[in-house]
1. Under a 5 Å amide H to amide H cut-off, with H placed in plane at 1.01 Å, what residues pair with THR36 once short-range neighbours are removed?
2. Running a GNM on the chain with Cα contacts under 10 Å, which residue among LEU219, LEU17, LEU126 ends up with the highest mean-square fluctuation?
3. Need the C-alpha centroid separation for segment 63-111 versus segment 161-224, integer Å.
4. Could you pull out which residues in segment 6-35 have an amide N less than 14 Å from a spot 7 Å beyond the Cα of PHE224, following the Cα-Cβ vector?
5. Could you tell me the accessible area of CYS244 in Å² (1.4 Å probe, neighbours in place), rounded to the nearest ten?
6. In nm, give the distance between the simple-model label positions of MET98 and LEU168, each being 7 Å from the Cα along the Cα-to-Cβ direction.
7. For the chain, modelled as a Gaussian network with Cα springs under 10 Å, which listed residue fluctuates most, VAL242, VAL16, VAL81?
8. Please name which of TRP229, ALA34, CYS12 has its Cα lying farthest along the dipole of the chain towards the positive end, using unit charges on Cβ (Lys, Arg +1; Asp, Glu -1) and the Cα centre as origin.
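The values are calculated or read from the model by the stated rules, or taken from the named source; none is laboratory data. Predicted model only: the values in this text are computed from it and were never measured. Here the Cβ positions follow ideal geometry from the backbone for every residue, glycine too, while neighbour counts run over all protein chains shown. To get the accessible areas, we keep the full protein, side chains included, count just its heavy atoms, and leave off ligands, DNA and RNA. Shrake-Rupley method; radii C 1.70, N 1.55, O 1.52, S 1.80 Å.
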Amino acid sequence: MFRFRFSRKQLCIPYVLFLVCFVILPLAVIVYYAFTDGSGRFTAANFLNFFTNGNTIGTLCYSAVIAVAVTAVCLLIAYPVAYVLARSGLKRAPVLLMLFILPMWINFTLRITALKEILTVIEGNLSLHPFLNTVIGMTYDYLPFMILPLYTTLLQLDQNLLEAAQDLGAGPASVFTRVTLPLSMPGIVSGITMTFLPAMTNYVILDMMYNSTYIMGSLIGSYFNIYDWNNGSMISLILFAVICIVSIITGGEDQDDAKNRGAVL
């Protein structure tokens, strides 16, 4: 008689099936189309076209500029907010944090539409400042993703380290630059990763803010809209490689920061 034996390893079966069906197989299809032409023959022309086409390189550079600008603005706004909420000892700090997270519970389209109406009242014509409006829209959308990891990291800082620095004669500015800021680097790296990578591909905000310039997401969509799956897949694959490289670099820095926490002072 067959007797079923349960093992904890069997709990990973649904995840493995999901990973194969919705991650590995779609990625394999993208790789296939990226390195083939319209007739299904292997070719490297799609790869060469990406680096020889001024349109794709310009779009990549413009996407990077937008992502850097959005990430920088989010960091400049989020760090003071997270610092005050985490280190000020406010009794209602969790409530204030919830107010920053609350917009994430609202539909993305509704949030951007409401912001567009506000900017229209202020500016009159959104097409006059497309880059600025895009940065404002993405900052509004991704700001909570920068605040959350910073708040969590700053909340977990060892107060004894800060007091030890003060006992050794360090002033408030020195304590912040030599103790608080280095110890909060994991949160900064995590927030940058969660903001920079999506900002390179979110073309919906550009469309809603009347920015006619392409970024990587809209460029990929334009190729697939004209059924050029080969070039569209190659651009998607290159962007995927860029995201992986950035994730590996930031992940390595995060681990180094964690190992060196004890050597800050």
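1. Excluding prolines and chain starts, which carry no amide H, the hits are THR43.
2. Of the options given, LEU17 has the highest mean-square fluctuation.
3. Cα centres, segment 63-111 to segment 161-224: 11 Å.
4. The answer is 23, 26-31, 33-34, whose backbone nitrogens lie closer than 14 Å to the label point.
5. 50
6. The two pseudo-label positions are separated by 4.0 nm.
7. VAL16
8. Value computed over the given set: CYS12.
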